[in-house]
Ligand code: 0RQ
């Protein structure tokens, strides 16, 4: 591991995870690296959790604020939530223990647009960042840091925190060096300048992270893999959703509204997103590009087959099989992949300029096109909004997708009124389920309702939705977005009381 810490000055600060965790006091805000299970610190959070547990056993209340890039792993979110050590968590999580604490009212959770986190810290909106705990792949002789398998908010954590703890993970491939593009040109309003990125493969920054060596209080060496979980093969619903999207994209090319190689793709995480990528791999489009947040297996396959010429993201999220393939040939993939800070990968200015085609999952949509990405039955958090809002509002075309039913058909994912809204009717251009695709562009709310019910709802729920819509049209006080307010959320209530929406 010694050859990963080339700076003699920082080599002097190498210590155990326990010794480093002892430097983090209760009540502080800690910015941790990590994005979709890539590049999170593997040792210090667990040592800190142990410390918190001991403090709790001694009757002391030890809690910290945890800020990250996005979701991490059981060793971080799981371990800290298990010992009830988190006062407030932001901006995105997907950990089962964390989720349980949040929904039980035992942990505060601030769900934010991923592109906004860094600037909110720069503006001082989130309070003080006391400590940064950041995984890197290496430290150069002059102290510059080789970023790990995700960038996320690391530039901001290193810059803004009073004290910095580095984890140097020798499990990370040394060939990651050179893949990253860290942009240091951001200034605060009113001195902001345009971000000079015009194409997905433009490099506008430098391959290393900077950090004032005086702030670095500990260096911890690790040799531990990222959380890499396998994807299941696309199921029938995912394949059908992918089929509808591909047909739509071909149609848009024929109409001259998209170029033959499409526009930069953004794809959310999960099985459906992966199925769409698999579909593109067999589809007619060549020379594709991606300007996205997370690089999944499907995108790697597209690079391998030569269909995707460049992918820009902030993190990897790969299965073990895809990861070993990437690692075996990283020097070659490096030419096609750029990892950036998340305020750049998700930047509204850049998404709008590039004309990104955004494809994200959802929990439910209502008949007028409002989308709920985060809350089950209106009150229980699932994961968080992640980058879906950054992309949806600024995309060239914003697509949301879901199977038409959940929980074995007890729940309709198309409902009269969304029980929580993350993406308003104004930010949603296309809805897709396995039943079909609703192109909402240019349609009024009433026109949208008919298309969504006809094309996207499951036949089991279609008549009841149409019945609700028609009665709303008759009895609603206003006829722009007709609703029966005493009935609009009755489907959710029925499910909560009886286990079925109908
Ligand atoms: O629950 O696991 O208990 O069975 O929700 O649903 O169908 O497996 O779909 O994994 O694609 O997740 C919106 C959560 C979809 C995800 C969401 C239940 C369902 C299951 C998962 P179980 P599926 P997915 C870039 C973009 C926000 C962040 C984002 C998400 C579980 O896509 O978190 O877009 N998006 N980021 O049973 C009750 C419904 C339901 C429902 C599904 N209508 N009612 N439960 N479920 N629909 C990535 C990042 O930002 C990092």
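Readers should treat all values here as calculations from the given coordinates under stated rules, not as data from a laboratory. Quick caveat, the model's predicted, so the values are computed rather than measured. All Cβ positions, glycine included, derive from the backbone under ideal geometry; neighbour counts span all protein chains shown.
Here the gap between residue 55 and residue 206, fully extended at 0.36 nm per residue and compared with their Cα-Cα distance, gives a gain of 50.2 nm. Across all directions, the shadow cast by the convex hull of segment 119-173 built on its C-alpha atoms averages 4.0 square nanometres.
Give me 108, 343, 135, 250 sorted ascending by neighbouring Cβ count inside 10 Å, so fewest comes first. Write down the numbers at each step before the final one.
Details: 108 13, 343 26, 135 30, 250 16.
Listed from fewest to most nearby Cβ atoms, that is 108, 250, 343, 135.
Exposure proxy shown here: for 214, 427, the number of other Cβ atoms within 10 Å sets the order, fewest to most, as 214, 427. If you wrap the tightest convex hull around every Cα atom of the chain and split its volume per residue, you get 149 Å³.
Among rounded, prolate and oblate, which fits segment 1-101 when a ≥ b ≥ c are the square roots of the eigenvalues of its C-alpha gyration tensor, a/c under 1.5 means rounded, and a/b larger than b/c means prolate? Oblate is the answer for segment 1-101, as a/c is 1.5 or above yet b/c matches or exceeds a/b. The Cα trace of segment 397-502 gives Rg and Dmax of 13.3, 38 Å, the first to one decimal, the second as a whole number. If the chain linking residue 441 and residue 476 were pulled fully straight, counting 0.36 nm for each residue of separation and taking away their Cα-Cα distance, it would gain 10.2 nm. Taking the centroid of alpha carbons for each part, segment 55-90 and segment 165-236 are 23 Å apart. Beta bridges from DSSP with both residues in segment 4-107: antiparallel share about 10 percent, rounded to the nearest 5.
Each of residue 128 and residue 15 was given a label point 7 Å from its Cα along the Cα-to-Cβ line. The distance between the two points is 2.0 nm.
Between segment 1-54 and segment 96-144, the alpha-carbon centres lie 14 Å apart. The relative contact order of the chain comes to 14 percent, based on Cα pairs under 8 Å that sit 6 or more residues apart. For segment 60-133, the alpha-carbon coordinates run over 31, 27, 23 Å along the three principal axes, in decreasing order.
For segment 180-238, what does the relative contact order come out to in percent, with C-alpha contacts under 8 Å and a separation of six or more?
Numbers: 28 pairs, mean separation 19.3, N = 59.
Across segment 180-238, relative contact order equals 33 percent.
Working from Cα pairs under 8 Å separated by at least six residues, relative contact order for segment 1-154 is 31 percent.
Starting from the Cα coordinates of segment 180-262, work out the convex hull volume and express it per residue in Å³.
Numbers: hull volume 19.1 nm³, N = 83.
Expressed per residue, the convex hull around the Cα atoms of segment 180-262 is 230 Å³.
If you plug the beta carbon distance of residue 487 and residue 407 into 1/(1 + (r/R0)^6) with R0 = 25 Å, you get a FRET efficiency near 0.70. Take the Cβ atoms of residue 198 and residue 464, set R0 to 56 Å, and the FRET efficiency comes out at 0.70.
Would you mind ranking 68, 222 by Cβ crowding within 10 Å, fewest neighbours first?
Ordered by Cβ neighbours within 10 Å, fewest first: 222, 68.
Bridges between two residues of the chain, per DSSP, are antiparallel at a rate of about 25%. For the pair segment 356-388 / segment 390-442, the C-alpha centres are spaced 8 Å from each other.
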